[in-house]
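Notes for the one structure printed next.
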Ligand code: DQA
């Protein structure tokens, strides 16, 4: 019988061969080889195949992306600096017509403004930023199957996750989120930004929570927003901001969180990935 194993391409752009030696305060100490090994073992767990490519050269990346057409079922792409200006890479993704997830090791929204712009995002199915090697792992999970639960790895896994939003979230988000949380032995506590005790919890009750998921789709008052930003920035809890394609981007809240997940058309998708990230 013909082998039906799905295959995915992991593509790294310029300077990522320098990971481990390059700006450790921003990118951490993990080498590219170590990140690839982590992706490889996640691929084994998901029973898919992955191949890896790194180049410092825009043309080589274009050629490699073109060749992904019909060869793989999806691409995990960290185009590094090319993300912010390469129309050639954007065209290559469109030409390849393969689902592509844009990833970044660092949270680009905490950095210079030119890094907040991605010319690739409109042709990618989503963007995951700031979670180091976990950005790649979530991207692979997003491509393979969003229903794949992960098993909590931390021995003393906390049992609660805070879900913060401006207005109550739709059932199409919260229902799958609660189901996934139950599989992970977690409880999701939903709260609105404006509840004062939540701001307090972010600072003083951190032992109770595994992390925070922040819905940034709905507009909130600027005063509310700055109080929340400050609380998130000062909190020791890992936090992940979620944005959807329809939403106005909220770089201020994006920069207050450790990681950012945007794009992903399926409304619940980003939230499920965030849960996976918090239990890793
Ligand atoms: C990067 C962020 C880019 O802005 C930068 O040019 C990189 C790496 C990241 O993974 O955080 O080289 O893509």
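Please treat every number below as a calculation from the coordinates, not as lab data. Everything numeric in this text was worked out from a predicted model, so none of it was measured. Methodologically, a virtual Cβ is constructed for each residue, glycine included, from the backbone with ideal geometry; neighbour enumeration extends over all protein chains shown.
Would you please calculate the Kirkwood hydrodynamic radius of the stretch 7-144 over all C-alpha pairs and express it in Å, rounded to one decimal? About 14.7 Å for the stretch 7-144. Computed over the chain, the per-residue total of -39500 (n - 2.57) for DSSP H runs of n ≥ 4 gives a 222 nm mean residue ellipticity of -11000 deg cm²/dmol, rounded to 500. Between 92, 268, 207, the Gaussian network model of the chain with springs among Cα atoms under 10 angstrom shows the greatest mean-square fluctuation at 207. For the Cα atoms of the chain, what angle does the longest principal axis make with the long axis of helix 171-183, in degrees from 0 to 90, nearest 10? So the helix axis and the longest Cα principal axis differ by about 80 degrees. A viscosity of 0.692 mPa s and a temperature of 37 °C, combined with the Kirkwood radius over Cα pairs in Stokes-Einstein, give a translational diffusion coefficient for the chain of 172 µm²/s. Among 44, 38, the order by Cβ neighbours within 10 angstrom, fewest to most, reads 44, 38. Of 8, 53, 114, the sequence from fewest to most neighbouring Cβ atoms within 10 angstrom is 114, 53, 8. Mind pulling the angle between the C-alpha long axis of helix 133-144 and the longest principal axis of the chain? Nearest 10 degrees, somewhere in 0 to 90. It works out to around 80 degrees. Here the ratio of the Cα radius of gyration of the stretch 160-278 to 2.2 N^0.38 Å is 0.95. Applying 1/(1 + (r/R0)^6) with r as the Cβ-Cβ distance of residue 70 and residue 91 and R0 = 25 angstrom yields a FRET efficiency of 0.90. Residue order for 217, 51, fewest other beta carbons within 10 angstrom first, comes to 51, 217. If one takes the longest principal axis of the Cα atoms in the chain, at what angle in degrees, from 0 to 90 and to the nearest 10, does the Cα axis of helix 58-67 lie? Helix 58-67 and the main axis of the chain meet at about 90 degrees.
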